[in-house]
Amino acid sequence: MEPMTIDRIHRPTEEEFRTKYLNLGKPVLITGVNEDLPQFKWNFDFLSKELGTSKINVYDWGETGPTIQDDFLIKKMELAKALALCCEVDKTENQRFSICQLALDFLPELYDSYMTPEFLKNSDKLDNLSWFFKERRRIAMFISFFRGMHWHNGRHAIAQQVTGSKRFVLYDPKDTPYLYPKTFLESPLSWFDERESVFCSQMPFEDGIENIDHDKFPMFKKAVPYEIELKAGEILFIPSHWWHYTHACEPCVLITEFWDASLKDWGFPIAYRSLFMKPYRKFLYSKVVKLKKFNRKEVNQDVS
Ligand SMILES: [Fe+2]
(Lines give C-alpha, C1' and ligand atoms only; values in the text may rest on other atoms or scores of the structure.)
Protein backbone atom coordinates (compact mmCIF):
# COMPACT_ATOMS: atom_id res chain seq x y z
CA MET A 1 0.00 0.00 0.00
CA GLU A 2 1.16 3.53 -0.75
CA PRO A 3 1.97 5.48 2.44
CA MET A 4 -0.60 8.03 3.63
CA THR A 5 0.60 11.44 4.71
CA ILE A 6 0.22 12.77 8.23
CA ASP A 7 -1.15 16.31 8.75
CA ARG A 8 1.26 18.99 9.95
CA ILE A 9 0.04 21.78 12.22
CA HIS A 10 1.89 24.79 13.61
CA ARG A 11 1.49 25.83 17.26
CA PRO A 12 -2.03 24.39 17.73
CA THR A 13 -4.33 25.63 20.45
CA GLU A 14 -5.57 23.03 22.89
CA GLU A 15 -9.01 23.20 21.26
CA GLU A 16 -7.66 22.68 17.75
CA PHE A 17 -5.52 19.74 18.84
CA ARG A 18 -8.37 18.09 20.74
CA THR A 19 -11.16 18.57 18.22
CA LYS A 20 -9.24 17.78 15.05
CA TYR A 21 -6.83 15.09 16.26
CA LEU A 22 -7.03 13.81 19.83
CA ASN A 23 -10.81 13.28 19.84
CA LEU A 24 -10.71 11.67 16.39
CA GLY A 25 -7.74 9.44 17.24
CA LYS A 26 -5.84 10.89 14.29
CA PRO A 27 -2.03 11.24 14.24
CA VAL A 28 -0.53 14.65 13.56
CA LEU A 29 2.87 16.29 13.36
CA ILE A 30 3.21 19.46 15.42
CA THR A 31 5.74 22.18 14.78
CA GLY A 32 6.67 25.48 16.38
CA VAL A 33 6.27 24.67 20.08
CA ASN A 34 9.80 23.47 20.81
CA GLU A 35 11.03 26.94 21.79
CA ASP A 36 8.59 26.93 24.72
CA LEU A 37 9.74 23.58 26.14
CA PRO A 38 12.90 22.92 28.20
CA GLN A 39 13.13 19.29 27.04
CA PHE A 40 14.11 20.40 23.54
CA LYS A 41 17.44 21.55 25.01
CA TRP A 42 18.35 18.04 26.16
CA ASN A 43 20.80 17.26 23.39
CA PHE A 44 23.77 14.91 23.75
CA ASP A 45 26.10 17.69 24.98
CA PHE A 46 23.67 18.96 27.58
CA LEU A 47 22.91 15.49 28.93
CA SER A 48 26.57 14.49 29.14
CA LYS A 49 27.66 17.70 30.85
CA GLU A 50 24.79 18.09 33.28
CA LEU A 51 23.97 14.50 34.18
CA GLY A 52 26.87 12.46 32.84
CA THR A 53 27.58 10.66 36.10
CA SER A 54 23.97 9.59 36.74
CA LYS A 55 23.52 5.84 36.69
CA ILE A 56 20.79 4.71 34.32
CA ASN A 57 19.38 1.45 32.98
CA VAL A 58 20.50 0.53 29.48
CA TYR A 59 19.40 -2.33 27.24
CA ASP A 60 22.24 -4.66 26.30
CA TRP A 61 21.21 -6.38 23.04
CA GLY A 62 24.37 -8.48 22.77
CA GLU A 63 26.35 -8.98 19.57
CA THR A 64 23.36 -9.07 17.20
CA GLY A 65 21.86 -5.68 18.10
CA PRO A 66 18.12 -5.18 18.71
CA THR A 67 15.70 -7.74 17.35
CA ILE A 68 11.96 -8.27 17.44
CA GLN A 69 12.55 -11.08 19.94
CA ASP A 70 13.27 -8.46 22.62
CA ASP A 71 16.23 -10.53 23.73
CA PHE A 72 18.13 -8.12 25.95
CA LEU A 73 19.50 -7.63 29.43
CA ILE A 74 19.08 -4.47 31.48
CA LYS A 75 22.36 -3.19 32.90
CA LYS A 76 23.52 -0.11 34.78
CA MET A 77 25.71 2.48 33.08
CA GLU A 78 26.69 6.12 33.57
CA LEU A 79 24.64 8.34 31.29
CA ALA A 80 27.69 9.96 29.62
CA LYS A 81 29.14 6.56 28.76
CA ALA A 82 25.81 5.34 27.38
CA LEU A 83 25.41 8.46 25.25
CA ALA A 84 28.93 8.12 23.87
CA LEU A 85 28.22 4.51 22.87
CA CYS A 86 24.90 5.49 21.30
CA CYS A 87 26.62 8.17 19.21
CA GLU A 88 28.98 5.58 17.70
CA VAL A 89 26.08 3.63 16.24
CA ASP A 90 25.22 4.09 12.59
CA LYS A 91 22.88 1.14 11.99
CA THR A 92 20.71 -1.26 13.94
CA GLU A 93 23.13 -4.17 13.74
CA ASN A 94 25.86 -2.39 15.68
CA GLN A 95 23.51 -1.08 18.39
CA ARG A 96 24.82 -3.17 21.28
CA PHE A 97 23.50 -0.77 23.93
CA SER A 98 20.47 1.46 23.75
CA ILE A 99 18.49 3.73 26.05
CA CYS A 100 14.98 2.49 25.54
CA GLN A 101 11.93 3.95 27.29
CA LEU A 102 14.04 5.14 30.20
CA ALA A 103 11.54 6.61 32.67
CA LEU A 104 12.65 10.10 33.66
CA ASP A 105 12.01 9.15 37.28
CA PHE A 106 15.60 7.90 37.06
CA LEU A 107 16.79 11.43 36.25
CA PRO A 108 14.85 13.64 38.68
CA GLU A 109 16.54 16.84 37.48
CA LEU A 110 15.04 16.25 34.05
CA TYR A 111 11.70 15.06 35.39
CA ASP A 112 11.33 18.25 37.44
CA SER A 113 12.15 20.57 34.56
CA TYR A 114 10.04 18.74 31.96
CA MET A 115 7.04 20.72 30.68
CA THR A 116 3.91 19.27 29.14
CA PRO A 117 3.08 21.27 25.99
CA GLU A 118 0.24 23.79 26.26
CA PHE A 119 -1.98 21.87 23.85
CA LEU A 120 -2.09 18.95 26.33
CA LYS A 121 -2.22 20.94 29.51
CA ASN A 122 -5.71 19.95 30.61
CA SER A 123 -6.00 16.51 29.06
CA ASP A 124 -6.03 14.68 32.40
CA LYS A 125 -8.93 16.76 33.65
CA LEU A 126 -10.86 16.78 30.38
CA ASP A 127 -10.60 13.06 29.71
CA ASN A 128 -11.46 12.16 33.27
CA LEU A 129 -10.63 8.46 33.07
CA SER A 130 -12.18 6.28 35.79
CA TRP A 131 -9.83 5.62 38.68
CA PHE A 132 -9.56 1.89 38.03
CA PHE A 133 -8.12 2.55 34.55
CA LYS A 134 -6.06 5.58 35.43
CA GLU A 135 -2.26 5.43 35.40
CA ARG A 136 0.22 8.20 36.03
CA ARG A 137 1.66 10.24 33.18
CA ARG A 138 4.97 8.83 32.09
CA ILE A 139 7.90 10.59 30.43
CA ALA A 140 10.56 8.45 28.83
CA MET A 141 13.81 8.91 26.94
CA PHE A 142 14.71 6.88 23.82
CA ILE A 143 18.16 6.73 22.25
CA SER A 144 17.76 3.70 20.11
CA PHE A 145 17.94 2.85 16.45
CA PHE A 146 15.16 0.35 16.16
CA ARG A 147 11.80 -0.37 17.71
CA GLY A 148 9.62 -3.10 16.23
CA MET A 149 5.93 -2.70 15.45
CA HIS A 150 3.86 -2.27 18.60
CA TRP A 151 0.96 -0.38 20.20
CA HIS A 152 0.31 1.01 23.66
CA ASN A 153 -2.47 -0.02 25.95
CA GLY A 154 -5.02 2.81 26.19
CA ARG A 155 -2.36 5.49 26.24
CA HIS A 156 -1.72 8.35 23.86
CA ALA A 157 1.84 9.50 23.24
CA ILE A 158 3.69 12.50 21.92
CA ALA A 159 7.16 11.76 20.56
CA GLN A 160 9.35 14.86 20.88
CA GLN A 161 12.40 14.84 18.65
CA VAL A 162 15.18 16.70 20.47
CA THR A 163 18.06 16.01 18.07
CA GLY A 164 18.56 14.16 14.79
CA SER A 165 15.72 12.58 12.86
CA LYS A 166 13.71 9.39 13.08
CA ARG A 167 11.43 7.56 10.69
CA PHE A 168 7.99 6.61 12.02
CA VAL A 169 5.55 4.29 10.28
CA LEU A 170 2.08 4.15 11.85
CA TYR A 171 -0.93 1.90 11.20
CA ASP A 172 -4.56 2.48 12.15
CA PRO A 173 -5.90 0.07 14.82
CA LYS A 174 -8.41 -1.23 12.25
CA ASP A 175 -5.47 -2.75 10.34
CA THR A 176 -4.59 -4.97 13.30
CA PRO A 177 -5.60 -8.21 11.52
CA TYR A 178 -2.97 -7.46 8.85
CA LEU A 179 -0.15 -6.85 11.37
CA TYR A 180 0.02 -10.27 13.01
CA PRO A 181 -0.19 -9.32 16.70
CA LYS A 182 1.53 -11.66 19.11
CA THR A 183 -0.77 -13.93 21.03
CA PHE A 184 -1.34 -13.73 24.76
CA LEU A 185 1.17 -16.48 25.43
CA GLU A 186 3.79 -14.91 23.19
CA SER A 187 3.84 -11.63 25.11
CA PRO A 188 2.96 -12.35 28.75
CA LEU A 189 4.93 -9.40 30.17
CA SER A 190 2.94 -6.95 28.08
CA TRP A 191 -0.12 -7.82 30.09
CA PHE A 192 1.41 -7.47 33.52
CA ASP A 193 4.31 -5.03 33.50
CA GLU A 194 3.33 -1.38 33.84
CA ARG A 195 6.55 -0.18 32.23
CA GLU A 196 6.20 -2.47 29.25
CA SER A 197 2.53 -2.23 28.46
CA VAL A 198 3.11 -2.61 24.75
CA PHE A 199 1.74 -5.19 22.39
CA CYS A 200 3.95 -6.32 19.55
CA SER A 201 3.70 -7.87 16.12
CA GLN A 202 5.08 -11.29 15.28
CA MET A 203 6.71 -9.87 12.15
CA PRO A 204 10.46 -9.27 12.32
CA PHE A 205 11.27 -5.68 11.37
CA GLU A 206 15.00 -5.66 12.08
CA ASP A 207 15.81 -5.47 8.36
CA GLY A 208 13.33 -2.69 7.71
CA ILE A 209 9.70 -2.60 6.83
CA GLU A 210 10.52 -3.12 3.14
CA ASN A 211 11.94 -6.57 3.85
CA ILE A 212 8.98 -8.26 5.47
CA ASP A 213 8.54 -11.78 4.12
CA HIS A 214 5.23 -11.53 2.23
CA ASP A 215 4.98 -15.29 1.78
CA LYS A 216 5.04 -15.74 5.52
CA PHE A 217 2.90 -12.67 6.30
CA PRO A 218 0.65 -12.32 3.21
CA MET A 219 -1.92 -10.00 4.81
CA PHE A 220 0.67 -7.35 5.64
CA LYS A 221 0.33 -5.83 2.17
CA LYS A 222 -3.26 -4.84 3.00
CA ALA A 223 -2.16 -2.62 5.90
CA VAL A 224 -2.05 1.11 5.09
CA PRO A 225 1.10 2.83 6.38
CA TYR A 226 1.20 6.43 7.58
CA GLU A 227 4.79 7.51 7.28
CA ILE A 228 6.81 10.46 8.50
CA GLU A 229 10.38 11.51 9.17
CA LEU A 230 10.34 13.37 12.46
CA LYS A 231 12.98 16.10 12.63
CA ALA A 232 14.57 17.94 15.54
CA GLY A 233 12.11 20.36 17.15
CA GLU A 234 9.03 18.48 15.91
CA ILE A 235 6.43 16.47 17.84
CA LEU A 236 4.44 13.47 16.60
CA PHE A 237 1.10 12.63 18.22
CA ILE A 238 0.60 8.84 18.25
CA PRO A 239 -3.00 8.07 19.24
CA SER A 240 -3.81 5.25 21.60
CA HIS A 241 -3.77 1.79 19.98
CA TRP A 242 -2.13 2.96 16.77
CA TRP A 243 0.62 0.58 15.73
CA HIS A 244 4.02 2.16 15.17
CA TYR A 245 7.47 1.21 14.01
CA THR A 246 10.51 3.47 14.35
CA HIS A 247 13.95 3.53 12.85
CA ALA A 248 16.52 6.24 13.58
CA CYS A 249 18.17 7.97 10.62
CA GLU A 250 21.11 8.93 12.86
CA PRO A 251 21.86 8.92 16.62
CA CYS A 252 19.10 11.00 18.16
CA VAL A 253 17.41 11.90 21.42
CA LEU A 254 13.66 11.41 21.66
CA ILE A 255 11.51 12.27 24.69
CA THR A 256 8.05 10.74 24.81
CA GLU A 257 5.15 11.60 27.08
CA PHE A 258 2.44 8.98 27.59
CA TRP A 259 -0.92 9.78 29.12
CA ASP A 260 -4.26 8.03 29.54
CA ALA A 261 -6.67 8.09 26.65
CA SER A 262 -10.34 8.52 27.46
CA LEU A 263 -12.29 5.32 26.87
CA LYS A 264 -13.92 6.65 23.71
CA ASP A 265 -10.44 7.06 22.17
CA TRP A 266 -9.28 3.53 22.79
CA GLY A 267 -9.27 2.57 19.15
CA PHE A 268 -11.76 -0.24 18.86
CA PRO A 269 -11.86 -3.06 17.80
CA ILE A 270 -8.55 -3.98 19.45
CA ALA A 271 -9.30 -2.08 22.64
CA TYR A 272 -11.39 -4.91 24.05
CA ARG A 273 -8.19 -6.51 25.38
CA SER A 274 -7.26 -3.30 27.15
CA LEU A 275 -10.68 -2.93 28.69
CA PHE A 276 -10.32 -6.24 30.43
CA MET A 277 -6.64 -6.15 31.14
CA LYS A 278 -5.72 -2.61 32.07
CA PRO A 279 -7.26 -2.44 35.56
CA TYR A 280 -6.15 -6.00 36.18
CA ARG A 281 -2.60 -5.22 35.12
CA LYS A 282 -2.54 -2.10 37.25
CA PHE A 283 -3.64 -4.12 40.25
CA LEU A 284 -1.09 -6.84 39.59
CA TYR A 285 1.68 -4.31 39.20
CA SER A 286 0.88 -2.59 42.47
CA LYS A 287 0.56 -5.83 44.42
CA VAL A 288 2.70 -8.43 42.71
CA VAL A 289 4.89 -7.30 39.84
CA LYS A 290 7.14 -5.21 42.05
CA LEU A 291 8.72 -8.47 43.08
CA LYS A 292 12.11 -8.73 41.41
CA LYS A 293 11.33 -11.98 39.70
CA PHE A 294 8.77 -10.28 37.47
CA ASN A 295 11.27 -7.74 36.22
CA ARG A 296 12.57 -8.04 32.71
CA LYS A 297 15.90 -9.88 32.84
CA GLU A 298 17.41 -7.13 34.94
CA VAL A 299 20.93 -7.95 36.04
CA ASN A 300 22.63 -6.19 38.88
CA GLN A 301 25.71 -5.43 36.86
CA ASP A 302 27.46 -2.17 36.09
CA VAL A 303 29.03 -1.60 32.72
CA SER A 304 32.06 0.63 33.05
FE1 LIG B 1 5.75 3.10 21.28
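The values are calculated or read from the model by the stated rules, or taken from the named source; none is laboratory data. Fair warning: this is a prediction, and the values are worked out from it, not measured in the lab. FYI the Cβ positions are ideal-geometry reconstructions off the backbone, even for glycines, and counts take in every protein chain you see.
Here ASP70, ASP60 are screened, and the one residue that is surrounded by 14 or more Cβ atoms within 10 Å (Cβ to Cβ) and on the phi > 0 side of the Ramachandran plot is ASP70. Checking each residue of region 107-130 against the condition of being surrounded by 12 or more Cβ atoms within 10 Å (Cβ to Cβ), free of Cβ contacts under 8 Å to residues at least 24 places away in the same chain, away from the ligand (no atom under 16 Å from the Cβ) and within 25 Å of VAL33 (Cα to Cα) gives no match.
Of the residues making up region 270-292, none is modelled with pLDDT under 90, part of a loop (DSSP other than H, G, I, E, B) and touching a Gly at 6+ places or on another chain (Cβ under 8 Å). Across region 237-265, the number of residues qualifying as farther than 23 Å from ASP90 by Cα, aliphatic (A, V, I, L, M) and either buried (at least 20 other Cβ atoms within 10 Å of the Cβ) or within 14 Å of the ligand (Cβ to nearest atom) (or both) comes to 2. Restricting attention to region 147-184 and to residues that are of a type in the set (S, T, N, Q), away from the ligand (no atom under 11 Å from the Cβ) and more than 30 Å from PHE44 (Cβ to Cβ), the residue that is modelled with the lowest pLDDT turns out to be THR183. Residues in region 13-24 that are in contact with a strand residue (DSSP E or B) (Cβ under 9 Å, 6 or more places away or on another chain) and over 17 Å from HIS156 (Cα atoms): 0 in all.
Filtering region 194-217 down to residues that are of a type in the set (Val, Ile, Thr) and either touching a His at 6+ places or on another chain (Cβ under 6 Å) or not in a loop (DSSP other than H, G, I, E, B) (or both), which residue is modelled with the lowest pLDDT? Across region 194-217, the extreme among qualifying residues is VAL198. Scanning region 203-236 for residues that are within 14 Å of the ligand (Cβ to nearest atom) and surrounded by fewer than 20 Cβ atoms within 10 Å (Cβ to Cβ) yields a count of 0. Residues in region 134-146 that are of a type in the set (D, E, K, R) and either more than 12 Å from the chain's Cα centre (by Cα) or under 23 Å from GLU210 (Cα atoms) (or both) were compared, and the one that is modelled with the highest pLDDT is ARG137. In region 76-118, which residues are among the basic types (Lys, Arg) and under 20 Å from the mean Cα position of the chain (by Cα)? Selection gives LYS91, ARG96. Here is a check on your reading of the model: is GLU93 at pLDDT below 90, of a type in the set (Asp, Glu) and within 16 Å of the ligand (Cβ to nearest atom)? Here the answer is no, as GLU93 does not meet what is asked.
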